[in-house]
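The next block holds one structure in the form of structure tokens; read it before the comments.
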Amino acid sequence: MPVTVSLGTKAIQGTVVPSVFGDGTNDKFGLVVIPTTRVFIAGVFVIVVITTFWVGARHSNWFRDNLLPQLAPAQQTYSLGRWQMAFWFTLIFTSFVALGVVLWAVPTISAQALALMGISAATGGGAIWVDDKKDSPADKANRGLQALGLSTYADVTRVTREIAERQAQLQTNPPPNPSVVQQLGLGIQDRQLLLRAYEDNIKPFVSDGWLKDLTTDLNGGTLHRWQAFIWTWVLGAVFLIGVYINLAMPQFDMSLLALMGISSAGYVGFKYPEQQQ
Amino acid sequence: MGALEGIEHVVVLMLENRSFDCMLGKLYPKDPSFEGLSGGERNLWLSQPVPVWASSIPLDVQAASIPDPDPGELFPDMNAQLFNGPRTAGAPPMSGFVQNYMDQKPPPAECQAVMHYFTPDQVPVISTLARSFGVCDQWHASAPCQTWPNRFFVHTGTSLGYVNNSNFPIPFPAPSIFKRLSDCGKGWRVYFHDVPQSLLLRDIWLEALFHFRFFSTFLSDAQNGTLPNYSFIEPRYFTDLFLNNIPNDEHPPHNVLYGEQLIADVYNAVRSSPCWKKTLLVITYDEHGGCFDHMAPPRAIPPDDHKHNGFAFDSYGVRVPAVIVSPYMPPGSKVREVPAGLPPQGPPYPFDHTSIIKTLRILFDLGPPLTRRDDVAPDLLEPLSLEEPMNDGPASVTPRASVPSVPELERRANARPNHMQGALSQMAAQLPSAPLAPDAALPEPVPLTAPVPETVAKAHARSIIQVRSFLGL
């Protein structure tokens with residue numbers, strides 16, 4: 001059904017408003033009406049992707065370090081490097097697909113968006129490389145626990161199970177003879193001491209929650225982590241606003257990209273001497 | 001004002017299992033007033049002479065850990081080292097060190113390991129302090145016995161007839177100098193790194209939680225000028241993989257450079273403390289650990305009537321290093337009870353671990369002797385001959401930097417516990433699980449029977465939890 005649309009500029013009395021389209025003889029402009037359905041589909045898609053990553057973050061190791069294999073998966077700390085990588089991937093991927101759905105055309109991925117993904121991938125990879133290279137407190141804890149016969153979390157659950165089995169044997173009717181009771185008691189005590197040593201030494205490496213894990217190390221809050229975290233959100237907001245206003249992948253200013261690069265380099269650089277939780 | 005009036009703080013650091021010749025034998029070469037190594041000392045092995053020797057400078061990790069494996073430490077080993085056979089009544093010829101070392105199963109690869117000594121340049125910290133203050137070349141282990149009996153001699157003046165680390169009663173019932181200090185209103189602390197052996201003393205169990213502190217507290221107490229009247233420092237006996245900590249007790253085959261670091265930390269803390277001018281620091285070792293020494297131990301007064309298979313504790317053990325640090329000590333002192341050399345049968349008697357008890361009793365007016373041994377022991381006050389505390393020595397000492405590698409840490413942690421580590425883990429396993437109430441009845445001594453874990457790491461992990469639980473730390 002045809003509709004009437006008017007377009008004008010704000011007139012200033014006594015001024016001539018120049019034409020902004022064509023050569024003044026055949027002025028035309030295109031107006032695209034975005035179907036609500038496509039906006040809805042794009043919105044649902046964005047929500048699904050974000051929810052998927054959120055659920056994955058909470059219930060898997062996608063965004064967690066593997067500092068200590070002796071920890072339960074849910075106890076592993078969140079990784080700033082992996083989170084950054086996931087943040088930019090989610091942002092760019094959802095923007096790309098949402099724009100494609102809304103505009104019904106393949107959007108152009110700007111060089112700046114590619115650079116952002118590259119910076120975040122390098123940050124994530126650099127963080128993993130530093131963790132692998134340095135002898136961290138987690139490496140010491142890992143060695144210490146291995147020397148106690150605890151190489152993985154399965155070993156921890158095995159010890160817990162062995163305690164329960166021995167306690168059950170003590171409760172049998174008729175009760176075991178005194179020498180067996182003594183042996184069982186010694187076995188329980190020995191394993192309980194082992195678990196106490198385990199609990200004492202894993203404490204610094206257990207997750208304190210998403211925000212604390214990303215912004216602190218063993219000594220508390222650290223500037224290099226906070227600045228990487230904050231700048232990621234700021235640049236992410238700039239990116240999103242650009243996508244919304246322009247309905248296109250934003251053209252970042254080079255200085256913004258340099259800021260992201262410096263922030264990430266600072267995080268990786270200061271990661272080497274940090275006492276990581 | 002002399003040392004008797006001026007000294008208010010006594011600090012004792014007791015390391016492990018090195019002989020005098022091993023650590024300080026070449027401190028003053030060719031000095032007739034010093035009973036060190038001439039270089040001609042030797043033992044025989046397969047009829048061949050095995051002389052004393054030193055590694056080339058600088059020390060690497062392997063050379064700093066000689067002898068490896070650990071020599072024999074049990075009472076029969078001691079007799080074999082001194083007499084090259086069973087114990088006899090005469091003066092020991094000091095000729096059986098190599099034979100006893102090679103009699104181990106399996107035999108070590110290098111027979112000369114027990115004849116090894118460190119040059120002063122290789123152990124610069126203890127050597128510098130010995131030259132800057134005083135070295136005692138007449139300090140013997142209190143008995144030709146293993147670590148625990150000798151450590152009990154320094155705390156109680158006796159080992160109640162026990163000659164080895166094993167089979168000790170827990171808690172150990174002999175009255176201790178610590179309890180004497182408490183009863184006389186004097187302060188004391190035991191500063192430890194992991195498992196303090198002195199925790200076995202029965203008469204301090206009710207107050208242990210007030211007196212036992214980690215070594216870091218010693219450093220802060222020294223810095224704050226709040227050292228107690230008596231501080232006894234126990235080194236680290238175990239490898240701790242969680243903190244990359246390696247033993248600094250110098251017990252063979254532990255690297256002596258970590259012990260040098262500990263000695264430096266203790267001296268530097270004391271030297272920079274507001275308490276410095278009023279402090280006596282004694283650095284010594286519990287027993288010789290199977291390392292060669294050429295001086296025959298003289299006869300001794302038995303501390304009491306306890307015997308072990310006829311041995312009446314009427315003989316001292318092998319000489320051990322002893323460095324006496326105090327601003328009252330003239331620099332370069334050679335502390336000798338008998339300038340011309342000790343007779344095979346006193347009096348006079350050599351310095352031994354009960355000299356510390358004697359010194360404390362005199363300094364702090366602690367009453368009568370604990371045993372017959374400390375009654376006759378020479379004290380350390382006479383050698384502190386300066387009228388004023390004028391000898392400040394070096395402002396600090398710097399050990400050779402030595403950081404344990406991960407392979408070294410893992411090798412030590414996964415090794416079988418040595419006698420000392422095994423006994424300490426047994427002790428820890430039988431400690432009460434919480435601090436005792438001040439009015440609790442002290443438990444009667446029972447034998448040490450707990451099983452020894454199969455590795456140092458396992459022994460350490462369990463033991464420190466048990467120690468911390470007992471001390472409420």
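Read-outs: derived from the displayed coordinates by stated rules, not from any lab. Since the model is a prediction, treat every value here as computed from it, not as a measurement. Glycine gets a Cβ as well: all are built from the backbone with ideal geometry, and neighbour counts include every protein chain shown.
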Fill in the blank from the handout: The equivalent-ellipsoid semi-axes of the stretch A:141-204, taken as the square roots of five times the Cα gyration tensor eigenvalues and listed largest first in whole Å, are 27, 11, 9
Problem - Cα-based convex hull volume of chain B per residue, rounded to whole Å³ - result: 135
Handout entry: Neighbouring partner chain Cβ atoms per residue of B:2-9, average, 10 Å criterion
Key = 0
Practice task
Mind listing the long-range amide H neighbours of B:ASP352? Cut-off is under 5 Å, sequence gap 5 or more, other chains count too, H placed in the peptide plane at 1.01 Å from N.
Solution key: B:HIS140
Problem - Backbone HN-Hα couplings from phi across the stretch B:33-40 [Karplus 6.51/-1.76/1.60, Hz, Gly and Pro as x] - result: 8, 10, 8, x, 7, 8, x, x
Exercise for the section: Would you mind pulling out the separation of the Cα centroids of the stretch B:408-473 and the stretch B:256-309, in Å? Expected result: 24
Problem - Ranked list, fewest to most other Cβ atoms within 10 Å of each Cβ, for B:SER272, B:SER425, B:SER433, B:SER333 - result: B:SER433, B:SER272, B:SER333, B:SER425
Exercise for the section: Please work out whether the stretch B:93-191 counts as rounded, prolate or oblate from its C-alpha gyration tensor, where a ≥ b ≥ c are the square roots of the eigenvalues and a/c under 1.5 means rounded, while otherwise a/b larger than b/c means prolate and anything else oblate? Expected result: oblate
Problem - Shape box of the stretch A:154-277 [Cα atoms, principal axes, largest first, Å] - result: 81, 34, 17
Completion exercise
Assertion target for A:TYR153, A:TYR267, B:TYR285, ordered by fewest C-beta neighbours within 10 angstrom first, is A:TYR153, A:TYR267, B:TYR285
Completion exercise
Applying a 4.7 angstrom Cβ cut-off across chain B, unpaired cysteine residues come out as B:CYS111, B:CYS136, B:CYS145, B:CYS184, B:CYS275
Exercise for the section: Using only atoms on other chains, find how many Cβ atoms lie within 10 Å of each Cβ of peptide B:446-457 and report the average. Expected result: 2
Problem - Ascending count of other beta-carbon atoms within 10 Å, so fewest first, for B:GLU408, A:GLU165 - result: A:GLU165, B:GLU408
Practice task
Choose one of B:ALA113, A:THR51, B:PRO69: the residue whose Cα lies farthest towards the positive end of the charge dipole of the protein assembly as shown (beta-carbon charges +1 Lys, Arg; -1 Asp, Glu; about the Cα centre).
Solution key: A:THR51
Fill in the blank from the handout: Gyration tensor (Cα only) of the stretch B:7-48 to equivalent ellipsoid, semi-axes in Å sorted down, yields 30, 17, 6
Completion exercise
Inter-chain shielding metric for A:183-193, i.e. average beta-carbon neighbours from other chains within 10 angstrom, reads 2
Problem - Ordering of A:215-228, B:137-150 by packing [mean C-beta count within 10 Å, highest first] - result: B:137-150, A:215-228
Practice task
Identify, among B:PRO330, B:ALA340, A:THR157, the residue whose Cα sits farthest towards the positive end of the charge dipole of the protein assembly as shown, taking +1 on the Cβ of Lys and Arg and -1 on the Cβ of Asp and Glu, with the dipole about the Cα centre.
Solution key: A:THR157
Exercise for the section: State, in angstrom, two size descriptors of the protein assembly as shown derived from its alpha carbons: Rg to one decimal place and Dmax to the nearest whole number. Expected result: 35.7, 131
Handout entry: Electrostatic dipole magnitude of the stretch B:270-337 [Cβ: Lys, Arg +1; Asp, Glu -1; Cα centre; debye, to 20]
Key = 500
Handout entry: Over chain B: helical MRE at 222 nm, DSSP H runs n ≥ 4 each giving -39500 (n - 2.57), nearest 500
Key = -8000 deg cm²/dmol
Completion exercise
Checked against a 23 Å limit on the C-alpha separation, the offending pairs among B:LYS30/B:LYS334; B:LYS307/B:LYS458; B:LYS179/B:LYS307; B:LYS278/B:LYS334 are B:LYS307/B:LYS458; B:LYS179/B:LYS307
Handout entry: Alpha-carbon Rg/Rh ratio, for the stretch B:344-450, with Rh computed the Kirkwood way
Key = 1.10
Completion exercise
So for the stretch B:30-144, using the alpha carbon gyration tensor with a ≥ b ≥ c as root eigenvalues (a/c under 1.5 gives rounded; past that, a/b versus b/c decides prolate or oblate), I'd call it oblate
